1. Does the range 1-18 contain any residue that is part of a strand (DSSP E or B), surrounded by 14 or more Cβ atoms within 10 Å (Cβ to Cβ), among the basic types (Lys, Arg) and under 14 Å from the mean Cα position of the chain (by Cα)?
2. Where residues in the range 49-81 are touching a Leu at 6+ places or on another chain (Cβ under 9 Å) and hydrophobic (A, V, I, L, M, F, W, C), which of them is surrounded by the most Cβ atoms within 10 Å (Cβ to Cβ)?
3. Ala101 passes all but one of (1) in a helix (DSSP H, G or I); (2) touching a residue at least 60 places away in the same chain (Cβ under 8 Å); which number fails?
4. Of the residues that sit in the range 19-49 and are more than 19 Å from Pro69 (Cα to Cα), part of a loop (DSSP other than H, G, I, E, B) and in contact (Cβ under 8 Å) with a residue 12 or more places away in the chain, which one is farthest from the chain's Cα centre (by Cα)?
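A short reminder: the numbers here are calculations on the coordinates, not readings from a lab. Since the structure is predicted, the reported quantities are computational estimates derived from the model, not experimental observations. Cβ placement follows ideal geometry from the backbone for every residue including glycine, while neighbour counts extend to all protein chains displayed.
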Amino acid sequence: MTNVMTYKGYSARIEYDDEDGILFGRLAGIRDGVGFHADNVEELRAAFHEAVDDYIETCAKIGKEPQKPYSGKMMFRVDPDVHRRAALAAELSGKSLNEWAGEVLAKAAG
């Protein structure tokens, strides 16, 4: 069972609030706070689509570029030995380190 909805490149994790008896979610991967809620899955899906569409439209109205969930650029540090072994593995597979790391991360992320 998955608790994630995706629409127009945006994703949201879905949760249940037992106290209020509602399903709710928030767009993931962006700093702008965009949330939505509903009483059932069908209404929640519609509320999610409406939240994404409203976010994109509001950004256009105010002249702001909507945040994209991820740019595709990752910057992180690893142990120098890990860097060396990864670069060697990439070279031996005939790929750039970026190509190789992208494939490895995609497999690990499922």
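1. To start, the set of residues in the range 1-18 that are part of a strand (DSSP E or B) comprises 4-7, 10-17.
Within this subset, residues satisfying the condition of being surrounded by 14 or more Cβ atoms within 10 Å (Cβ to Cβ) are 5, 7, 10-12, 14.
If we keep only those that are among the basic types (Lys, Arg) as well, we get none.
Looking for residues that are part of a strand (DSSP E or B), surrounded by 14 or more Cβ atoms within 10 Å (Cβ to Cβ), among the basic types (Lys, Arg) and under 14 Å from the mean Cα position of the chain (by Cα), one finds none in the range 1-18, hence no.
2. So the residue we want is Val52.
3. (2)
4. Gly21
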